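A short worksheet on the structure shown next.
The values are calculated or read from the model by the stated rules, or taken from the named source; none is laboratory data. Since we're looking at a predicted model, the values are computed, not measured. FYI the Cβ positions are ideal-geometry reconstructions off the backbone, even for glycines, and counts take in every protein chain you see. Each accessible area value is taken on the protein alone, full model and side chains, heavy atoms only, with ligands, DNA and RNA left out. Shrake-Rupley method; radii C 1.70, N 1.55, O 1.52, S 1.80 Å.
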Amino acid sequence: MMVNGYTELSTTTLETESGNHNGVNYGGDPNQATGISDEELLAIIIGCSVGTFVLILILILIILLRRRYKKRKSWDLACQDTDKLFETKSAPISRTSSPKLQKRKSCPDVSDFYQGLVIRSLTQDSIPDFVLPPERVQPQISEDRGESSTRQSHFGNLQPDLYRSFGGMDDDESLMLPPSEHGRLWFSVLYDGVVEQLNITLVKIKELPGRDRDNAPRDPFVKIFLLPDERTHLVSKVKKRTLAPVYNEAFVFEVSSDKIQEKVLRFSVYDVDRRRIRHSLGHVLVPLKDMDITKGDVIWKDLEPHSQVATTLGELSLSLCYIPSVDKIKVVILQARQMNEINTERDSGVYVRIQMTHGRKIYKTKKTIVQKLSPNPVFNESFSFSISGKILDTCSFNISVMTSPKSALGNDEIYGKIVIGSFMFSRGDDLLHWQDMLSQPRTPVTKWHALCPGNL
């Protein structure tokens with residue numbers, strides 16, 4: 001029996017162990033029993049966390065929106081209550097309709113004492129018929145250019161003439177003009193053959209050079225001559241502290257009709273400094289035979305540094321050639337003629353000096369060989385100057401005929417000179433020679449130029 005009992009107990013124990021092996025995991029991974037891996041479990045946890053967080057955010061947003069809606073609704077109710085309160089206090093509702101007031105007349109009846117007077121109502125619907133007294137109108141200013149421009153004004157010190165356009169050129173058109181080195185003068189000339197009067201209107205001056213290097217303003221005035229008579233002249237007013245004076249002044253010369261074509265009009269501009277010393281700023285020469293003096297149109301002229309109509313110093317022939325491929329200008333000094341003012345007792349030789357300037361600064365200087373003193377010297381020398389095409393408009397050539405003295409202690413003097421360059425530096429034939437050179441590249445252009453005094 002013992003043996004059998006032991007045998008039964010052993011059999012039971014073995015069955016139990018066998019059952020444990022089949023259903024129980026001793027120290028192993030519990031996920032293996034359920035069939036879920038670690039990655040799947042981590043993804044489930046993260047997904048649940050994110051979903052919970054999103055739900056919380058949605059709930060918070062819903063709560064905030066509800067609170068905001070309730071607060072706005074409470075504000076609307078408060079505003080409505082306030083409106084009702086004001087309506088009740090300011091205009092209480094009456095059960096009976098308000099009485100109709102009689103409409104006021106635009107022109108109420110008045111007593112006999114006020115007959116002849118017009119009473120205007122502030123609530124009138126239409127303007128009553130009545131006659132206004134005649135309005136006082138300022139008399140129109142005459143456009144006669146023979147009268148003086150210093151007319152009396154009804155506006156105190158204001159002068160309407162200063163703000164009136166003279167029809168020749170307004171300020172917008174004057175801004176389109178090229179710059180002027182010495183200044184530009186506007187004027188008009190009208191000749192009345194019936195009374196034999198030459199009416200001149202001095203309009204304005206612009207672009208005057210300033211004083212010294214600071215470009216300080218000047219006190220300019222103008223003298224008007226009718227050449228060849230230089231003893232008789234008319235003078236404008238002095239304009240204080242300005243480089244663009246406006247005059248609008250009228251002047252009259254008595255000239256017979258048979259001599260009007262022989263006259264030359266000259267405007268000479270001067271400046272008065274603090275020491276009451278006059279300085280010449282420039283001149284404008286207008287031969288009356290070259291212009292129409294029957295229309296009276298406003299025209300402009302650039303101021304010139306010299307005031308002579310013609311010169312007896314002689315002429316100089318030279319050639320200019322522009323070579324754009326190498327950025328060079330070739331200057332050939334050929335000859336001079338009619339140099340009748342030379343001093344044969346003092347001077348022994350003559351030569352030509354060429355100065356190329358950039359702006360007002362001398363960039364390069366070259367000279368010809370000294371020739372024997374003669375009224376018609378011949379040079380025939382060529383010079384080359386390097387000039388970039390970008391600075392052509394700011395460059396010029398100062399060409400001077402120099403005389404050398406017999407004495408070794410003497411200094412060379414300028415007999416006559418010419419300036420050839422762009423519109424900033426030259427006028428007349430000198431400017432035309434420069435323009436012809438630029439318009440005909442690689443082609444020599446030869447011209448005669450009248451010599452001007454060297455001190456101008």
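Scan the stretch 375-403 residue by residue and report those that are modelled with pLDDT of 95 or more, among the charged types (D, E, K, R) and exposed (fewer than 15 other Cβ atoms within 10 Å of the Cβ).
Once the filter is applied, which keeps residues that are modelled with pLDDT of 95 or more, among the charged types (D, E, K, R) and exposed (fewer than 15 other Cβ atoms within 10 Å of the Cβ), the stretch 375-403 yields nothing.
Would you be able to say whether some residue in the stretch 365-374 is at pLDDT 90 or above, under 19 Å from Asn340 (Cβ atoms) and charged (D, E, K, R)?
The answer is yes, given that some residue of the stretch 365-374 is at pLDDT 90 or above, under 19 Å from Asn340 (Cβ atoms) and charged (D, E, K, R).
Kindly list, by first and then second residue, each pair from a residue in the stretch 438-451 that is under 11 Å from Ile323 (Cβ atoms) to a residue that is among the aliphatic types (A, V, I, L, M), limited to pairs with Cβ atoms under 8 Å and residues at least 6 apart or on different chains.
Note: pairs meeting the criteria are Pro441/Ile323; Arg442/Ile323; Pro444/Leu320; Pro444/Val332.
How do the pairs read when you match residues in the stretch 274-301 that are closer than 22 Å to Pro228 by Cα with residues anywhere that are open to solvent by 70 Å² or more (accessible area, probe 1.4 Å) and modelled with pLDDT of 90 or more, using Cβ under 6 Å and keeping only pairs 6 or more apart or on different chains?
Between residues of the stretch 274-301 that are closer than 22 Å to Pro228 by Cα and residues that are open to solvent by 70 Å² or more (accessible area, probe 1.4 Å) and modelled with pLDDT of 90 or more, the close pairs are Val284/Lys301.
Scan the stretch 331-359 for residues that are under 20 Å from Phe425 (Cα atoms) and part of a loop (DSSP other than H, G, I, E, B) and jot them down.
Listed by number, the list holds a single entry, Gly359.
So if I check each of Ile369, Ile362, which one is part of a strand (DSSP E or B) and either in contact with a Ser or Thr (Cβ under 8 Å, 6 or more places away or on another chain) or not acidic (Asp, Glu) (or both)?
After applying the criteria, what remains is Ile362.
Within the stretch 280-331, which residues are modelled with pLDDT under 90 and at positive phi?
Listed by number, the residues that qualify are Gly282, Gly296, Gly314.
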